[in-house]
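Beneath this line is the structure, given in structure tokens, with notes to follow.
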Amino acid sequence: MADRYDFGLVGLGVMGRNFILNVADNGFTAFGNDLDEEKVNALIEEGGDTNRVNATSDVSTFVNSLSTPRKIMLLVPAGKIVDVVIEGLLPHLDEGDIIIDGGNSFFTDTDRREAYLKEKGINFFGAGVSGGAKGARKGPSIMPGGSRAAYQHVKPVFEAVSAKYKGEPCVAYLGPKSAGNYVKMVHNGIEYGLMQLTSEIYDLLKKAGGLTNEELHETYAKWNAGRLQSFLVEITSEIFAQKDDLGEGHLVDKILDKAKQKGTGKWTSQNAMDLGIPVPTIDIAVSMREISALKTERIQADELYNRPKPELLVKDSLISKAEQALYFSFIITYAQGMHQLADASREYGYELQLGEIAKVWRAGCIIRAALLADITEAFNEDNTLQNLLLSPSFVEKINETVDAARELVTYGATNGIPLPGLSNALTYFDAYTSSRLPLNLIQAQRDYFGSHTYERLDREGIFHTEWEE
């Protein structure tokens, strides 16, 4: 057994076990802690060499086995359990030690914990970790925020274990306070949007083009070799090829159409509303998961109404337009998420660099995509860019693909195929690029019934009218 270990980790579930083994594989000694003896023993057995990676269920032994300043990462479920773990560690820690929350904690909880621990001389920062269990083992995208000085102690470990994009680590110090957890929250909101869009295009190809699972597999695989290259398009292709090991046919056709959620997409949507930033593609992605949960009601409603029978389209033309529409709506979803990050940075003092965030997302994380290289370049060229749609490099990309989105949204509405993510992306684009919206009427209505005042186009000031009955 080593005298002192470089890095500690609490929570030896699948994510925690994989992450700590990743640390050990990259030249750092690591020590784990979990109340479950089975998980402790499983890590020791898998690690193979206790001088390299070890574990215990005893908190005192765990803390005293780490070199100072102690670097302790928590990979436990978000919520009260994080506070419980922190309180269990505190009596054993020394001033200057570092606690890292690697879970999906709500950003205000991170701010509260940082302030609480700062009073006790303990450094605390949140670090979003994306990539799932495989990413944790082979290289995740990591989004740390908090004390810049404390991060320097953790930086060598995080850069070693993170995913690499053309040799560059997919990790960077993002900003003070809860910047890391906030960026991870918005990452997850974008993830919701991209998943919804991917599923809508699948539905369209199946109902409007009659594509088989084999054809869907080939289509998404081809897209993944082009400008739509991304983790989600890649795994979608693989999903269509998966046979059902419990019966005949393909597994995807046997899976219940009720999508679950852990709340991070909802947090993104709620906070965007608090900030006054529109993210309608993310909003509807959350709502669609909620609608999907109403399976019994949906079956009843389906029997009550006459639904259109979709008119089949020519496959090759449909596939081409679907690729364009998906690319268009992916851009819009990233644009919404980055817009929210820009506004949150000003509101919460995060000092976020959007180009740096896009770089961190280029590999390792769930929303990694070839498109992020272009997004990185756009924000690096203009770090004051308010919205991705204002980048000259994205104007051509949008102009080339928006008409396909219009055609498919029209087709979906006419043929009863719900395309809420795509239609919301299109509506957002049309509204954002309209110099004149009909909201002057809403202001007049508000002033009429509530004397809420309005502004004018032709002169400065705030006005109110005594409207005639």
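Values quoted throughout were computed directly from the atomic coordinates according to the rules given, and no laboratory measurement underlies them. Just so it is clear, the model here is predicted, and its values are computed rather than measured. Glycine also receives a Cβ, built like all others from the backbone with ideal geometry; neighbour counts cover every protein chain displayed.
Points worth noting:
- Residue among Leu216, Val233, Gln336 farthest towards the positive dipole end of region 207-339, charges placed on Cβ: Gln336
- Using the alpha-carbon positions of the chain, Rg (one decimal) and Dmax (whole number) come out as 24.8, 86 Å.
- With contacts taken as Cα pairs under 8 Å at a separation of at least 6 residues, the chain carries a relative contact order of 13 percent.
- Charged side chains reduced to their Cβ positions (Lys and Arg at +1, Asp and Glu at -1) give the chain a dipole of some 480 debye around its Cα centre.
- Among beta bridges identified by DSSP and lying wholly in the chain, the antiparallel ones come to about 30 percent.
- Cβ-based exposure ranking for Ile255, Ile319, in which fewest neighbours within 10 Å come first: Ile255, Ile319
- A crude spin-label estimate for the pair Glu400 and Lys138, with each label 7 Å from Cα along the Cβ direction, gives 2.9 nm.
- For region 106-185, Kirkwood radius (reciprocal of mean inverse C-alpha pair distance, Å): 12.8 Å
- In the structure shown, the pairs Lys222/Lys359; Lys260/Lys295; Lys258/Lys321 are assessed against 18 Å; a Cα-Cα span above that value is assigned to Lys222/Lys359; Lys258/Lys321.
- Rg over Rh, two decimals, region 184-432 (C-alpha only, Kirkwood Rh): 0.97
- Pairs beyond 23 Å (Cα-Cα), from Lys134/Lys207; Lys80/Lys120; Lys134/Lys262: Lys134/Lys207
- Here's the picture: a label point sits 7 Å out from the Cα of Met273 along the beta-carbon direction, and within region 100-133 the residues with their amide nitrogen under 19 Å of it are 106-108.
- Sorted on the mean count of surrounding Cβ atoms within 10 Å across their residues, most packed first, peptides 72-82, 342-352 read 72-82, 342-352.
- Projected onto their three principal axes, the Cα atoms of region 1-125 cover extents of 39, 26, 25 Å, largest first.
- The Cα-based radius of gyration of region 264-314, divided by its Kirkwood radius, gives an Rg/Rh of 1.18.
- Residue order, fewest to most surrounding Cβ atoms within 10 angstrom, among His452, His250: His452, His250
- Relative contact order for region 184-432, counting Cα pairs under 8 Å that sit 6 or more residues apart, in percent: 28 percent
- Between 0 and 90 degrees, the angle of helix 148-161 with respect to the longest Cα principal axis of the chain falls at about 90 degrees.
- The chain: calculated mean residue ellipticity at 222 nm from DSSP helix runs of at least 4, using -39500 (n - 2.57): -18000 deg cm²/dmol
- Likely footprinting exposure, Thr414, Thr401, Thr236, fewest C-beta neighbours within 10 Å first: Thr414, Thr401, Thr236
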